Amino acid sequence: RIGNNRSSVDVSSRSLKAIQLKKRRKQKGREDNEDQKIAPSSLLEDDDQNVDAMRARAAKLRLSILKQQLQLQDMERQIVCCDQKPSDERNHPWWVRTISESSSVLLRIMNKSGQSVGEYAWSRGSTGVRIVSELVQNPSRLAQLIDPATPTLVPHVPAILARLDKLESHVAPILERVLNNRRHLASIEPYLDQVLDRFDDIEPHLAWILDNIDALAPYTGLLLKHIDELLVYAHSDDMDQEDQYTLARQLLPYLGYYVSRLDVIGPHLPLLRPHVPLLLRNNRIGKISPHIDRLFARGYKDLNASANLDILLFWFGWTLQVPGLPRFFFAVPGSPRLVSFLAKNMPKRFAR
C-alpha cells in the first residue's frame, strides 16, 4: 500500500508540474503578443531619440575600443622590449647587443619566408653578388660609401642580409642621400635593426623618406616609436597618388615640434585620420600646429577633440583666420577642457 501511495503521489506531482508549465507558456505567449503589439508604436514615436542615443553610445564604444587597442599596442611593445633586452644583456658591449638583435631580425624574416635555409642563403647570396657587381661597375657609388659612421654597419650585417632582396632597388639613393658623407647614418644606425624589421611597412614610402631624409633622420627613434600610428596616414585610399604626401609636406616645417610631442599626440593620430582633408584647407595645419599640445593636452584621458575635429572646424574654423585669436584662446587656463566640451556637445547634424 505504501508503495502504491508513493507512485500515485509521484504521478500526481508530475501532472501538476506539467499543468503549471503549460500555464506559464500560455502567459508568456500572451505577454510576447502584447509586446509585439506595443513595440512598433513606441519605436515610431521615439525613433529619432533612439537613433541619437545609439549614435552617442556607438561613439563612446569606438573611443573605449580605440583606447584599449592603443594601450594593448603599448604593452606589446614593452613586452617585446623586455624579451629582447634581458637584464644580463644590458651589461654587454654595444656591438654584442647589436649583433644579437640583428641576428634575431634575420631569423624572424627567414622563418616568415617559408624557404629552407639553403634556398634562403642562395637567394640572398645571389642578390648580394648583383649589388656588389653594380658597385664595382660604378666606382662613383663606391666613393659614396665614405662616411665616418660606415664601420658601425658591421654588426648589422645579418639584418642587412635578410633584407637584401628589398634593398637592391634602393641601393643607389641610399648611398647618395644617407651615406656619401651626409652624416645621417649616425642618427639612423642605433635604430637600423628596427627599421629593417619593419621594412615591409616602410619600403612603399622609402622614396619620399629619402627625398626628405635631411628633416627626418634626426628623429628616427621617435618616429619608429609611433610608427603604427603614423602608418595610418600612409595608406590613403581617398587621395590621389600626387596628394598622398600633402599632409606630410605641410607638417615638415613643424616636424621637430610634432615629434617632440608624439607621446601626447600619438593616441589622437588614428582618430584624426578621417579629418585630414579638412586640415589641408586654408593652411589650417600651420595655424593649429603651435597649439597642438594644448589642444590634445589630456592624452589618452580625453579623445573628444580629435574624434570630433570636423565639428570643431565646421563651427569654429573661421576663428583660425583671425590673427592672434588662436594664441589668445589657448593661453586661457582650461581651454583644452572647453575644446573637449564643445567637440562633444556642439550640434553634429549640420556639420556631417
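The values are calculated or read from the model by the stated rules, or taken from the named source; none is laboratory data. Since the structure is predicted, the reported quantities are computational estimates derived from the model, not experimental observations. Note that each Cβ is placed from the backbone with ideal geometry, even for glycine, and that neighbours are counted across all protein chains shown.
Evaluate the stretch 289-312: report whether one residue or more is among the β-branched types (Val, Ile, Thr) and closer than 17 Å to Arg349 by Cα. Scanning the stretch 289-312 turns up at least one residue that is among the β-branched types (Val, Ile, Thr) and closer than 17 Å to Arg349 by Cα.
When Ser335 is tested against (1) surrounded by fewer than 16 Cβ atoms within 10 Å (Cβ to Cβ); (2) more than 29 Å from Ala53 (Cβ to Cβ); (3) at pLDDT 85 or above, only condition (1) is not met. Residues that are over 17 Å from Asp197 (Cα atoms) and either free of Cβ contacts under 8 Å to residues at least 40 places away in the same chain or not in a helix (DSSP H, G or I) (or both) within the stretch 163-173 comprise Ser169, Ala172, Pro173, listed in sequence order. The condition of being more than 22 Å from the chain's Cα centre (by Cα) and either at pLDDT 90 or above or of a type in the set (A, V, I, L, M, F, W, C) (or both) holds for only one of Ala207, Ala186, that being Ala186. For beta carbons closer than 7 Å, sequence separation of 6+ or different chains, a first residue in the stretch 304-322 that is free of Cβ contacts under 8 Å to residues at least 40 places away in the same chain and a second that is among the charged types (D, E, K, R), the qualifying pairs are Leu320/Arg284; Leu320/Lys287. Of the helices (runs of 4 or more DSSP H) lying entirely inside the stretch 257-303, the ones with 1 or more residues being in contact with a Leu (Cβ under 9 Å, 6 or more places away or on another chain) and modelled with pLDDT of 75 or more are found at 262-265, 269-272, 276-279, 284-288.
For the stretch 129-182, a tally of residues being under 35 Å from the mean Cα position of the chain (by Cα), hydroxyl-bearing (Ser, Thr, Tyr) and at pLDDT below 90 returns 2.
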